[in-house]
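Novice: Structure below; questions to follow.
The values are calculated or read from the model by the stated rules, or taken from the named source; none is laboratory data. Keep in mind that this is a model prediction, so the values were computed, not measured. In this analysis, Cβ positions are derived from the backbone assuming ideal geometry, glycine residues included, and neighbour counts consider all displayed protein chains. Accessible surface is based on the protein model in full, side chains and every heavy atom, while ligands, DNA and RNA are left aside. Shrake-Rupley method; radii C 1.70, N 1.55, O 1.52, S 1.80 Å.
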Amino acid sequence: MKTAQHPEFERGRGAASAKVPTRFGLATREADGDWRDHMQALAHEDGPPVKLRTHVTEEHPKTIVSFNQSPDIPFDRSINAYRGCEHGCVYCFARPTHAYHDLSPGLDFETQLFAKPNAAELLRATLAKRKYTPRAIAMGTNTDPYQPIERDYRITRDLLKVCLDARHPVTITTKSDRILHDLDLLEEMAARKLVAVAISVTSLDPALSAKLEPRCAAPAKRMAALGTLVEAGVQTHCSISPIIPAITDEFMEGIVAHAADLGVTSMGWIPLRLPHEVAPLFREWLDVHYPDRAGKVMSIVRSIRGGKDNDPDFFTRMKPSGVWADLLRTRFRVACRKSGIGKAGFELDCSQFRRPEVGGQLRLL
């Protein structure tokens, strides 16, 4: 959606700009030297604007499992098969990670992607270590494991194969019905209580979703995927996240009711977070799509974050406060009670773990 104020806003992308932040002392890009501006200028002379294409760089890290000691998240280890995410969700809290690589958390985050094709090999080596102790590995914590490039790379599928062979539990968070392409593996893992899947649903309005998360599966497809996973016996969770005040919160009760009708028994919600460069990107998005309520949205966001755009502190960053936060909690609790949904949670089994074979070594039974 291009406007006179934001002519660079490209349909099908979540962010409007590719400016590099200066948090790490990186050199800023001059507008007259930016390759995108140069290409756009040439295009206006000879034809329509140049459409941004997704570019994928393969990287080969030495490790794939990241460990953390955060008190705010329910897992201590995770895997991200990709960096950057083509889904283009404008609110994505992972966008600032691209700044570490002298790339923009804006358009670069959703167009300049990185894939880790040796991820499964690295995971197998990690699980084979004598001192390794199994606990559920979280996938999809930073970027979506089922974003469009998974269709070609199949890295997530390879990782699931390793987990199934090692009888290692895993949790998956996604916004894509592409996860159903791996239903054969998920069913087998579910039978052994080795997998739980959370699908994030932000709204029930496809038009809003197209603006907010332009390359994600439509809300109806995500809801249908939840139902299919439930029928397959997979432990399934519906996450209403993020909830954006005065934009998506109106859909909370409808999502809860719809998910309950599909047989989903675990629900949760996460409020909007705007760390670092996400805040100005989101403000820009509001100015383009919802200028009439931009001030109201940010006023409510600040009210639940102690008067700031974002609260980065441990223990409070995932727990909004204030009147608006209390209202959202009450609405969610009432909606769950009406739909018969109890406390969220998964039951995964670590007792079946067996170290995988590495380098031709036979497994001792």
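Novice: Can you list the residues of the range 92-129 with backbone N under 16 Å from a point 7 Å past the Cα of residue 62, pointing along Cα to Cβ?
Specialist: Within reach of a label on residue 62: 122-123, 125-126.
Novice: Just want to confirm a number: the relative contact order over the chain, from Cα pairs under 8 angstrom separated by 6+ residues, in percent.
Specialist: Working: 644 pairs, mean separation 64.9, N = 365.
Relative contact order here is 18 percent.
Novice: Ranking request for peptides 311-320, 75-84, 57-66, 254-263: highest mean number of other beta-carbon atoms within 10 Å first, then the rest in descending order. Numbers along the way, then the final one.
Specialist: Working: 311-320: 14.0, 75-84: 21.6, 57-66: 12.2, 254-263: 18.5.
Most protected by this proxy first, the peptides run 75-84, 254-263, 311-320, 57-66.
Novice: What figure, in Å² to the nearest 10, do you get for the accessible area of residue 250 with a 1.4 Å probe and non-protein molecules left out?
Specialist: For residue 250, solvent-accessible area is about 120 Å².
Novice: Roughly how many Å² of residue 303 are accessible to a 1.4 Å probe, to the nearest 10?
Specialist: For residue 303, the solvent-accessible surface is approximately 50 Å².
Novice: Per the Kirkwood definition applied to all pairs of different Cα atoms, how many angstroms is the hydrodynamic radius of the range 51-152?
Specialist: On the way: mean 1/r = 0.0682 Å⁻¹.
The answer is 14.7 Å.
Novice: Heavy atoms of the protein only, probe of 1.4 Å, neighbouring chains included. What is the accessible area of residue 321 in Å², nearest 10?
Specialist: Solvent-accessible area, nearest 10 Å²: 60 Å².
Novice: At a 1.4 Å probe, what is the % contribution of carbon and sulfur to the accessible area of the range 144-185? Write down the numbers at each step before the final one.
Specialist: On the way: 550 of 1300 Å².
Of the solvent-accessible surface of the range 144-185, carbon and sulfur hold 42 percent.
Novice: Quick one: length gained pulling residue 183 to residue 350 fully straight, 0.36 nm per residue minus the C-alpha distance?
Specialist: Details: separation 167, 0.36 × 167 = 60.12 nm, distance 2.11 nm.
Value of the extension gain: 58.0 nm.
Novice: Also: Students often forget the sequence filter, so: which lysines lie under 16 Å Cα-Cα from residue 211 once same-chain residues fewer than 8 apart are removed?
Specialist: 2, 175
Novice: Just to confirm, what accessible area per residue do you get for the chain at 1.4 Å probe, in whole Å²?
Specialist: That works out to 48 Å² for each residue.
Novice: Could you work out what % of the accessible surface of the range 60-139 is carbon and sulfur, using a 1.4 angstrom probe and leaving DNA, RNA and ligands out of the count? Don't jump to the answer; show the numbers that get you there.
Specialist: Values: 1760 of 3390 Å².
Carbon and sulfur: 52 percent of the exposed surface of the range 60-139.
Novice: If 146, 290 are ordered by their accessible area, calculated over protein heavy atoms with a 1.4 Å probe, which sequence runs from highest to lowest?
Specialist: Working: 146 0, 290 30 Å².
So the residues, ranked largest to smallest area, are 290, 146.
Novice: For the range 133-272, state the average projected area of the convex hull of the C-alpha atoms over all orientations, rounded to one decimal in nm².
Specialist: Details: hull surface 32.9 nm².
Over every viewing direction, the Cα hull of the range 133-272 projects on average to 8.2 nm².
Novice: What does the highest-first list of 86-94, 322-330 look like by mean Cβ count within 10 Å? Before the final figure, lay out the partial values.
Specialist: Details: 86-94: 22.1, 322-330: 14.3.
The densest-packed peptide leads the list: 86-94, 322-330.
Novice: For 222, 283, write out the residues from largest to smallest accessible area, computed with a 1.4 angstrom probe and no ligands counted. All intermediate terms of the calculation are to be shown ahead of the outcome.
Specialist: On the way: 222 0, 283 90 Å².
Descending accessible area places them as 283, 222.
Novice: If I take the Cα coordinates of the range 156-239 and project them onto the principal axes, what are the three extents in Å, biggest first?
Specialist: 42, 23, 18
Novice: From the helices alone, meaning DSSP H stretches of at least four residues, give me the mean residue ellipticity at 222 nm for the chain, per-run term -39500 (n - 2.57), in deg cm²/dmol to the nearest 500. Intermediate results must be reported in sequence, preceding the final value.
Specialist: On the way: 12 runs with 121 residues, N = 365.
When only DSSP H runs of four or more count, the value is -10000 deg cm²/dmol.
Novice: What are the semi-axes of the equivalent ellipsoid of the chain, taken as the square roots of 5 times the eigenvalues of the Cα gyration tensor, listed largest first and rounded to whole Å?
Specialist: Working: eigenvalues 227, 147, 71 Å².
In descending order the semi-axes read 34, 27, 19 Å.
Novice: Also, quick follow-up: Write down, largest first, the equivalent ellipsoid semi-axes of the range 236-334 in whole Å, where each equals the square root of 5 times an eigenvalue of the alpha-carbon gyration tensor. Let's see the in-between values first.
Specialist: Numbers: eigenvalues 116, 52, 31 Å².
Gyration-tensor ellipsoid for the range 236-334: 24, 16, 12 Å.
Novice: Name the residue farthest towards the positive end of the dipole of the range 88-222 from the options 189, 155, 209, assuming +1 on Cβ of Lys and Arg, -1 on Cβ of Asp and Glu, about the Cα centre.
Specialist: Of 189, 155, 209, it is 189.
Novice: State which helices in the chain qualify, where a helix is a whole DSSP H run, it must extend 15 Å or more along its own axis by its Cα atoms, and its mean Kyte-Doolittle hydropathy must be at least 0.5. Let's see the in-between values first.
Specialist: On the way: long enough: 35-46 (17 Å, -1.38); 155-166 (17 Å, 0.69); 219-231 (18 Å, 0.35); 278-289 (16 Å, 0.28); 294-304 (16 Å, 0.97); 323-339 (24 Å, -0.17).
The answer, listed by residue number, is 155-166, 294-304.
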